[in-house]
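S.K.: The structure that follows is given in the form of structure tokens.
The values are calculated or read from the model by the stated rules, or taken from the named source; none is laboratory data. Worth saying up front: this structure is predicted, and the values here are computed from it rather than measured. Positions of Cβ are generated from backbone atoms using ideal geometry, with glycine treated the same way; all protein chains shown enter the neighbour counts.
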Amino acid sequence: MADNTAKHAGNIAPEKLMLLITVVPKGKGTFFADLIRTFGANLQMSIVGTGTAETNLVEFLGLKEARRSIVFSVIREDKLNTVMEAIEERFHTVNSDTGISFAVPLSSVIGKLSYGFLSNDPRMVK
């Protein structure tokens, strides 16, 4: 069993990848995508979504617009805290505290070149 673990040790990626999901008011997606890109996110996708909350809840939370920009970004786990702090700071200054951001771990990425691109690691990309 130990031999099998040692044989596969070279295949384990040096840093885990995370899917960062950031939900902000419509029209602010590009701003946050650009911010996240400065932390080495090579793959991002931005879409417009519509909330399904009831009207009274939306009014209670102070949300004026049901439509939101949703930014999906792939980042390295070692940069997660730094990027989340930067996003939180921008929420307070730019967004009037009307955004949410969270990360989900990616359990597997197939191929060294794919991992190198997604992790923004030039040593792995030829």
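S.K.: Tell me, which residue of the stretch 20-42 that is surrounded by 15 or more Cβ atoms within 10 Å (Cβ to Cβ) and part of a strand (DSSP E or B) is modelled with the lowest pLDDT?
M.R.: Pro25
S.K.: Which numbered condition trips up Gly40, out of (1) more than 16 Å from the chain's Cα centre (by Cα); (2) at positive phi; (3) among the small types (Gly, Ala, Ser)?
M.R.: Just one mismatch for Gly40, condition (1).
S.K.: Can you tell me which of (1) assigned to a helix (DSSP H, G or I); (2) at pLDDT below 85; (3) in contact with a Gly (Cβ under 8 Å, 6 or more places away or on another chain) is the one Lys79 doesn't meet?
M.R.: Looking at each condition in turn, Lys79 falls short on (2).
S.K.: I need the full set of residues from the stretch 47-68 which are touching a Ser or Thr at 6+ places or on another chain (Cβ under 6 Å) and of a type outside the set (A, V, I, L, M, F, W, C), in order please.
M.R.: Residue satisfying the conditions is Arg67 alone.
S.K.: Please work out if Arg90 is surrounded by 15 or more Cβ atoms within 10 Å (Cβ to Cβ), at pLDDT 80 or above and over 12 Å from Leu20 (Cβ atoms). Walk me through how you get there before you give the answer.
M.R.: Values: surrounded by 15 or more Cβ atoms within 10 Å (Cβ to Cβ): yes; at pLDDT 80 or above: yes; over 12 Å from Leu20 (Cβ atoms): yes.
Considered against the rule, which asks whether it is surrounded by 15 or more Cβ atoms within 10 Å (Cβ to Cβ), at pLDDT 80 or above and over 12 Å from Leu20 (Cβ atoms), Arg90 comes out as yes.
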